[in-house]
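The values are calculated or read from the model by the stated rules, or taken from the named source; none is laboratory data. The shown structure was predicted, so the numbers you read here are calculated from the model rather than taken from an experiment. For neighbour counting, all protein chains shown are included, and Cβ atoms are generated from backbone atoms with ideal geometry for every residue, glycine included.
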Amino acid sequence: MTVTSFTTASGMGPLPRLVESAKGARAVERVFRAEGLPLWLAHDQNNKIPLRAMMGLMERSSRELGDELFGLHLGLAMRPEDYGPFVRYMASAPDLLTMIRRSIRSLRYHISGCEFDLEIFDQHARWGIRTSDKTSFGRRHLVEHVIHPMLNLLRRYLGPNWSPLRVEVEHDRPECWRRLEESIGVPVVFGSDTNAIVFPATLLSRRALHQIPAKNVLTWRELRLMVMRRPPRTIVEAAREIVQLRLLDATADIDGAARLLGVASRTLQRQLALENLRYRDLVQRLRMERALDLLQESVEPVTSIAFSLGYNDVASFTRAFRQWTGMAPSHYRRRAPDRE
């Protein structure tokens, strides 16, 4: 059974800003629409999105800007907070080995389908990251965009001017490989079995050059509490995430949802059926959950709520709502208790 890898939309960081500053707002819209993602994600990056959609955004941005090294340049522009609290947890580690162990332990709270690992061989250490989603479209940019953030974390322990022995990447050598090496400043090995930074293993004992004040340290318990909304792990969770995302853009067709999940529509229907669930029933359930919240927590007219949920007219919405709750939307709104 296919379970799509998900990541946090905040991982795109300044991608929309970089595209807009170079080509204008219309270019940002073209990139997001081409990938089937709602444009509002460019400004509200708190949702989970499929990892393949993140790759697609990077590839489409690269083509829009004519920048073959867009992923690398995006990584250079990223701030640690763009990756979420798990990076703060890693950076709180007192020494380099502990930081890497924390990366292995905590990445799942930011992204699914990827994992950090550490290999020690011939007195060398290889800190790498692997992705289970082998989609080729945009994958090179995703890989290259994590290189500089990983280097920055290592330099927290090894000094701002430190450089590794080499960098290894899974993808084949691109035409721009010389510029890639020049930007990183060390040799790059292409076609490796992982995406990794290689350095002397003796450095693993190095302590942080500047300790984080106790008040800013993020503990493991605090990390888990901050990121309880982990990436989806089952096909139902993945489909639910996608439907919720697309309903905010008033769309709910199965073809668009399946495309974002990287499967055919029939495959999605079949996988949901194995969980005794139909796609249209999932859409109806999520529409009604959002309708209940909007009626209870907003002052939007019923007509506006109907259109925002993808209904063609208020009569269809009212009929569906009555079947779901046994009352009309306006009646529910009058009876619903206030929420603070």
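For region 285-340, the set of residues classified as assigned to a helix (DSSP H, G or I) and among the hydroxyl-bearing types (Ser, Thr, Tyr) consists of 303, 304, 308, 316, 318, 325, 330, 332, listed by residue number. In the set (1) under 18 Å from residue 151 (Cβ atoms); (2) in contact with a helix residue (DSSP H, G or I) (Cβ under 7 Å, 6 or more places away or on another chain), the condition left unmet by residue 115 is number (1).
Looking at this structure, is residue 248 surrounded by fewer than 18 Cβ atoms within 10 Å (Cβ to Cβ) and out of contact with any Lys or Arg (no Cβ under 9 Å at 6 or more places or on another chain)? Here the answer is no, as residue 248 does not meet what is asked. Could you grab me the full set of residues in region 274-307 that are under 21 Å from residue 38 (Cα atoms), surrounded by fewer than 18 Cβ atoms within 10 Å (Cβ to Cβ) and touching a residue at least 40 places away in the same chain (Cβ under 8 Å)? Across region 274-307, the qualifying residues are 284, 290, 307.
The residue list 276, 312 contains one member that is on the phi > 0 side of the Ramachandran plot and either among the hydroxyl-bearing types (Ser, Thr, Tyr) or out of contact with any Ser or Thr (no Cβ under 7 Å at 6 or more places or on another chain) (or both), which is 276. Residue 168 meets the conditions (1) in contact with a helix residue (DSSP H, G or I) (Cβ under 9 Å, 6 or more places away or on another chain); (2) buried (at least 17 other Cβ atoms within 10 Å of the Cβ) in every case but one. The failed one is (1). For region 256-283, filtering for residues that are farther than 13 Å from residue 243 by Cβ, part of a helix (DSSP H, G or I) and either outside the structural domain of residue 306 (by TED's automatic domain parsing) or not charged (D, E, K, R) (or both) leaves 6.
Might you check whether a residue that is closer than 30 Å to residue 63 by Cβ and either at pLDDT below 85 or buried (at least 21 other Cβ atoms within 10 Å of the Cβ) (or both) occurs anywhere in region 92-105? No, every residue in region 92-105 fails to be closer than 30 Å to residue 63 by Cβ and either at pLDDT below 85 or buried (at least 21 other Cβ atoms within 10 Å of the Cβ) (or both). Against the test of being surrounded by fewer than 19 Cβ atoms within 10 Å (Cβ to Cβ), closer than 15 Å to residue 286 by Cβ, in contact (Cβ under 8 Å) with a residue 24 or more places away in the chain and out of contact with any Phe, Trp or Tyr (no Cβ under 6 Å at 6 or more places or on another chain), the options 236, 243 yield a single qualifying residue, 236. Residue check: residue 121 meets all listed conditions (1) surrounded by fewer than 21 Cβ atoms within 10 Å (Cβ to Cβ); (2) aromatic (Phe, Trp, Tyr); (3) farther than 30 Å from residue 173 by Cα but one, namely (3).
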